[in-house]
Amino acid sequence: MRTALTRTFARLTVTTLLGGVAVLGGAALPAQAATGTVVTDSGLGVTIRSGNATTFGSVGTQPNGAVQIDCQLYGEPVTGKYGRSLVWDHVPGKGFISDSYVNTGSSGLVAPLCASNPRADNAINWYSARNGSTAFQGYCEMAAENSYGKTGIWASAKADWNDAVARGVAHRDLNAPKGALVFWDLAAPYGHVGVSRGDGYFWATSVNGKIGLAKLPYFNSYLGWAWPNF
């Protein structure tokens, strides 16, 4: 049984298949759907959304009780019955619910990663729509946060990265999944950050002096990647 504590997530890198089990950064993930139990203090259930963030529209309510989970992904952090979680569960034929309200018997992922990530798509589209803009020069962290509909979370990219390191969820490889933040130790003490496209490329400010797309690692002093903690 999980307790209502902040969750620790397994480190994830590029997906491969081994014996029918998804392997991400050495952590074996289930290749099959899972079940959980929705638990809310109100007893009214949890909102089902069209994407993995509270900004996506409601498409219904998943009542308290057993729920089928066909895949999971990382998204906006939500604090619920089981603590603060970045994980969202996809309910087949319905949509996404925050895993912070679902007892799966585990503090980690219990189902395969979802093939799509609506929140990451929005962030990438934000950068793409501003391709060539110089408006965010010197404000890479603001750009990354704005791409996710947030602002004023971290004072700098380095502070953002240090948070991931402190939580034990920083990854030092180049296999950044779509939507993950990618970091460099540049412009001391501020650092630099962009958003991964998931195919070895990333969007960021300061790519030839403007918002642009480039192939990792591109800049010197690459640090690694982490899922956005906002």
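Quick notes
- Checking Cβ-Cβ separations below 4.7 Å across the chain identifies Cys140 as cysteines lacking any candidate disulfide partner.
- Contact order normalised by residue count of the chain, Cα under 8 Å, 6+ apart, percent: 18
- Label-point separation, Thr134 to Ala66 (7 Å along Cα→Cβ), nm: 6.2
- Rolling a 1.4 Å probe over the heavy atoms of the protein chains gives the chain an accessible area of 44 Å² per residue.
- Here the relative contact order of the range 70-169, from alpha carbon pairs under 8 Å that lie six or more residues apart, stands at 19 percent.
- FRET efficiency estimate (nearest 0.05) - Cβ-Cβ, Arg84 to Ala214, R0 30 angstrom: 0.35
- In this calculation the C-beta distance from Arg172 to Leu44 is compared with R0 = 45 Å, giving a FRET efficiency of 0.60.
- Annotation: lysines with alpha-carbon distance below 22 angstrom to Lys150 (same-chain offsets under eight excluded): Lys158, Lys178, Lys210.
- Residues Tyr201 and Asn103, FRET efficiency given R0 of 35 Å [Cβ-Cβ distance, rounded to 0.05]: 0.40
- Solvent-accessible area, 1.4 Å probe, carbon plus sulfur percent, for the chain: 53
- Helical content alone sets the calculated 222 nm signal of the chain at -4000 deg cm²/dmol, taking -39,500 (n - 2.57) per DSSP H segment of four or more residues and averaging over every residue.
The values are calculated or read from the model by the stated rules, or taken from the named source; none is laboratory data. In this text the structure is predicted, and so the values were computed from the model without any measurement. Reconstructed Cβ throughout: ideal geometry from the backbone, glycine too, with neighbour counts over all protein chains shown. For the accessible areas, the whole protein counts, side chains as well, though only heavy atoms, and no ligand, DNA or RNA atoms are used. Shrake-Rupley method; radii C 1.70, N 1.55, O 1.52, S 1.80 Å.
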